[in-house]
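The values are calculated or read from the model by the stated rules, or taken from the named source; none is laboratory data. Because the structure is a prediction, the values reported are computed rather than measured. Here the Cβ positions follow ideal geometry from the backbone for every residue, glycine too, while neighbour counts run over all protein chains shown. Side chains are part of the model used for accessible areas, which takes the heavy atoms of the whole protein and leaves out ligands, DNA and RNA. Shrake-Rupley method; radii C 1.70, N 1.55, O 1.52, S 1.80 Å.
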Amino acid sequence: MKALLRVIPIVALISTGPVFTACESKSNTPDYEARVNDKLKDAKLDDVKSNWNKDEKALHLSGNVKAADEKQRAETLASEVVGTSGRVVNEVKVEDVDTREADNQIEKRLDSMFKEDDQWDKDTTDLSFSSKAGVVTVKGSAASEPIKDRVTAKVRSVEGVKDVVNDLEIKPANKQPNARDTKPPRRKQ
């Protein structure tokens, strides 16, 4: 019984270790989203919100403002908080500025650009494009990281594109079956 009473505190201490470690590591990661939202509120940019995407290390700004200089001010405030830890993707819309036609044109150009270009393997590269105020989001899949990077570079080269969010998943192409794999199964005799 005495041995059990000595073991219980040790077990309790060991089992709480991961809790303290998890709390400690979480506090080491800055809460960019909350910090930017506070700065935006202080700057009276109440209709602009931020969303931190840790996978792409990007802070997305969304919402509406009355003038282009407010959109720029929101981006500047966000950039000050994020610093060199990531990038700011400014998807804020300016009131009375309709970007739908320009966004539609960007999407059409990208669709035809990738469909007509023979360098893209249509079987292994699945792409869709969505433009919002000149910020293009690419979704789908690519066979490798270099292909994903080439897609980003090509999208950036299109007139009117202000930024690119590449959400392509890397899905390596299936290897072609060899002769052994294609033989019919043996029949039992």
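Return the pairs, sorted by first residue and then second, in which the second residue is among the acidic types (Asp, Glu), the first residue lies in the stretch 87-104 and is farther than 18 Å from Phe129 by Cα, the beta carbons are less than 7 Å apart, and the residues are 6+ apart or on different chains.
Going by the 7 Å Cβ cut-off, the qualifying pairs are Val88/Glu75.
On the given criteria, is Val136 at pLDDT below 90 and either surrounded by 10 or more Cβ atoms within 10 Å (Cβ to Cβ) or not in a strand (DSSP E or B) (or both)?
Working: at pLDDT below 90: no; either surrounded by 10 or more Cβ atoms within 10 Å (Cβ to Cβ) or not in a strand (DSSP E or B) (or both): yes.
No.
Given Asp117, Asp111, which one is within 21 Å of Arg156 (Cα to Cα) and open to solvent by less than 50 Å² (accessible area, probe 1.4 Å)? Before you say what the answer is, go through the steps one by one.
Details: Asp111 fails: open to solvent by less than 50 Å² (accessible area, probe 1.4 Å).
After ruling out the rest, the residue left standing is Asp117.
Please specify each residue of the stretch 57-75 satisfying the condition of being more than 20 Å from the chain's Cα centre (by Cα) and outside any loop (DSSP other than H, G, I, E, B).
Asn64, Val65, Ala68, Asp69, Glu70, Lys71, Gln72, Arg73
Against the condition open to solvent by 80 Å² or more (accessible area, probe 1.4 Å) and under 30 Å from Ala43 (Cβ atoms), how does Glu75 come out, does it pass?
No; evaluated as a whole, the condition is false for this residue.
Quick grid of which residues meet (1) farther than 30 Å from Ile170 by Cα; (2) touching a helix residue (DSSP H, G or I) at 6+ places or on another chain (Cβ under 7 Å):
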{"residue": "Gly63", "(1), (2)": "yes, no"}
{"residue": "Glu70", "(1), (2)": "yes, no"}
{"residue": "Arg73", "(1), (2)": "yes, no"}
{"residue": "Leu77", "(1), (2)": "yes, yes"}
{"residue": "Glu80", "(1), (2)": "yes, no"}
{"residue": "Val89", "(1), (2)": "no, no"}
{"residue": "Val94", "(1), (2)": "yes, yes"}
{"residue": "Thr99", "(1), (2)": "yes, no"}
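So, Ser141, is that one free of Cβ contacts under 8 Å to residues at least 60 places away in the same chain and open to solvent by 50 Å² or more (accessible area, probe 1.4 Å) or not?
No: the conditions fail for Ser141.
Can you tell me which of (1) modelled with pLDDT of 90 or more; (2) out of contact with any strand residue (DSSP E or B) (no Cβ under 6 Å at 6 or more places or on another chain) is the one Val92 doesn't meet?
Of (1) modelled with pLDDT of 90 or more; (2) out of contact with any strand residue (DSSP E or B) (no Cβ under 6 Å at 6 or more places or on another chain), only one is false for Val92: (2).
What residue, among those in the stretch 36-56 that are surrounded by fewer than 14 Cβ atoms within 10 Å (Cβ to Cβ) and part of a loop (DSSP other than H, G, I, E, B), is modelled with the lowest pLDDT?
Asp55
Residue-wise test of (1) open to solvent by 20 Å² or more (accessible area, probe 1.4 Å); (2) assigned to a helix (DSSP H, G or I); (3) closer than 20 Å to Glu91 by Cβ; (4) at pLDDT 90 or above.
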site: Asp123; (1), (2), (3), (4): yes, no, no, no
site: Ser131; (1), (2), (3), (4): no, no, yes, yes
site: Ile147; (1), (2), (3), (4): yes, yes, no, no
site: Thr152; (1), (2), (3), (4): yes, yes, yes, yes
site: Glu159; (1), (2), (3), (4): yes, no, yes, yes
